[in-house]
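Where a number appears in this text, it was derived from the coordinates with a stated rule and is not lab data. Being a predicted model, the structure only gives us computed values, none of them experimental. Ideal geometry is used to build each Cβ from the backbone, glycine not excepted, and the neighbour counts take in all protein chains shown.
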C-alpha cells in the first residue's frame, strides 16, 4: 500500500497564557509566563505555584443533541474541547465530502482533574455534623442524594471527551483514547499521522489535554521527586540550567488536524505544515524502575530522522521536552548531542516554563508553537535559563529568542519509564 503525504490544516491551543494559539504566541513572544502563585491553606508554599489555564469559551455551534452532554465534561476535558474546536473550525467547510468513517480521532488524556473526593465533601460534612468522626447514615444518605453531583463518576472518565468529540464533529473512523503521562500526546499525534499515511483515514484530529494542578496530583508529583521547590517563585522552572531542580505543573489543551495532502489540496484547505516523520521507542532504565535511561530520546530522534529522510543539518531548530529535572534534562541533552555530532549550532529551546508542564497537552502544544516559531523564523528563548552544565555548554540554548535558518523543526517528548516520541515537522 502506497504511503501518503500528511499535512497540517488546523491547530488549537489553550493554556495559562491564552485561550487560543495566537494569544499564546503573543505572550510567549513577549517573554511572559502563565505560572503564578495560588495560595492555599492546605498546600506547602512550593506547591502553590502552577500554570492555571484561562477559562475557555463554550462555542454556540454545538448540535442540540450534544449540548446536554457538556455537563459530563470535567475542566480538563473542556480545555481539550476548546482546543479541538479552534483547530477544526477553519477546516469544517468542505469536510462533508469525507465520509465519517474516513475521519480519525485520537485523544490523549493525561488528566487529573477528578481524582479526588471533593464531590463527597458536602455530604460527609452533613453526615458527621462537621466533627468528622461519627457518621449519621440517614443524614449522609439524604445529603448524598441532594448535594452530590449524580454525574461525578462520568466526569472522572478519561474517554468522555473522546466520545463527545466523536459525536459533535462526526469523526467515526480509526480511533482510540489514551490515558497516561508524556509522551501520550505525541503518541496520539503519531496514531493520527499513521492512520492517514497508511490510507485508513483521509483526515484525523489529535487532541491532548490535562490538568495537573489539584492537590492530589500535586502531592503525587511531589512524591516522585520531580517538582521544583519554587525557591525563585514562578521563575523556578528552568530547563537545562545548571541550577534546575524540577518542573512546575500546569493545565491546558492542544489539538492538531492532519489530512492527506491530496485530500486537502482537493478541498483547497489551508496548509500550515507537513509531518515528515516520527520516532517512538522505549529504552528501559538500567534498574528497570521509574526514571529515564542515560540517553532516553536518542533512538526516537534517530528513527524520526530516518523516516523523514532529513539529515540533522536540515533541522532548523529543536523543541526539547525540558522537564527541568536533574537526570531527565541531562539524559535528553546527551541524546541530542549524540545525534547532532558536530551540528551544535542548531537552536534548542524548552517551552514548558511559559505554561507549566501540561502533561499530554504539552506534547501537542509544542508542535503548535513550533509551527508558529517557524512561521516567524524566531525560536523562543528558554525562560529562566542562565548557564548549562559544562558537559552541555556547546549547545545553542539561550534565554533570548534565536533566529532559525529554515522552517523544519524537531519536537521531542519523553516520560518516566523510558518511552520517548519525536516528530519532525515542516512549516508551510
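Nearest 0.05, what FRET efficiency do residue 313 and residue 428 give at R0 = 22 Å with Cβ-Cβ as r? Result of the calculation: an efficiency of 0.60. How far apart, in nm, are the 7 Å Cα→Cβ label points at residue 229 and residue 163? The modelled label-to-label distance comes out at 4.6 nm.
Taking N as the residue count of segment 38-164, its C-alpha radius of gyration divided by 2.2 N^0.38 Å amounts to 1.41.
Could you work out how far the C-alpha centroid of segment 42-70 sits from that of segment 371-413, in angstrom? A separation of 30 Å, based on Cα centres. With the helix formula -39500 (n - 2.57) applied to DSSP H stretches of n ≥ 4, the chain reaches a computed 222 nm mean residue ellipticity of -9500 deg cm²/dmol.
With the simple spin-label model, which puts each label point 7 Å out from Cα in the Cβ direction, the residue 42 to residue 156 separation comes to 1.5 nm. Calculated on C-alpha atoms, the gyration radius of segment 179-285 divided by its Kirkwood radius gives an Rg/Rh of 1.10. For segment 210-225 versus segment 122-173, the inter-centroid distance based on Cα atoms is 21 Å. Rounded to the nearest 0.05, the FRET efficiency derived from the C-beta distance between residue 386 and residue 179 at R0 = 35 Å is 0.45.
Starting from a Cα-only point model with no solvent, please compute log10 I(q)/I(0) by Debye for the chain at q = 0.07, 0.08, 0.09 1/Å. Computed log10 I(q)/I(0) values: -0.33, -0.43, -0.54. Quotient of the Cα radius of gyration of segment 2-91 and 2.2 N^0.38 Å, N being its number of residues: 1.39.
Along its principal axes, segment 71-135 has C-alpha extents of 63, 19, 18 angstrom, given from the largest down.
Normalised by residue number, the volume inside the convex hull of the Cα atoms of segment 323-428 is 104 Å³ per residue. Based on C-alpha pairs under 8 angstrom that are at least 6 apart in sequence, segment 99-187 has a relative contact order of 52 percent.
Report the residue, chosen from 265, 137, 343, that carries the largest GNM mean-square fluctuation when the chain is represented by alpha-carbon nodes joined by springs under 10 Å. Taking springs between Cα atoms under 10 Å, the residue moving most is 137. The smallest convex shape that holds all Cα atoms of segment 309-358, its convex hull, gives 93 Å³ per residue. Each of residue 125 and residue 398 was given a label point 7 Å from its Cα along the Cα-to-Cβ line. The distance between the two points is 5.3 nm.
All alpha carbon pair distances within segment 374-428 were sorted into 5 Å bins beginning at 0; the resulting P(r) in whole percents reads 5, 15, 17, 20, 25, 15, 4, 0. The distance separating the Cα centre of segment 257-331 from that of segment 1-23 comes to 16 Å.
Relative contact order of the chain: 23 percent, from C-alpha pairs under 8 Å at least 6 residues apart in sequence. Distances between every pair of Cα atoms in segment 278-361, grouped in 10 Å steps from 0 to the bin holding the largest one, split as 16, 47, 33, 4 percent.
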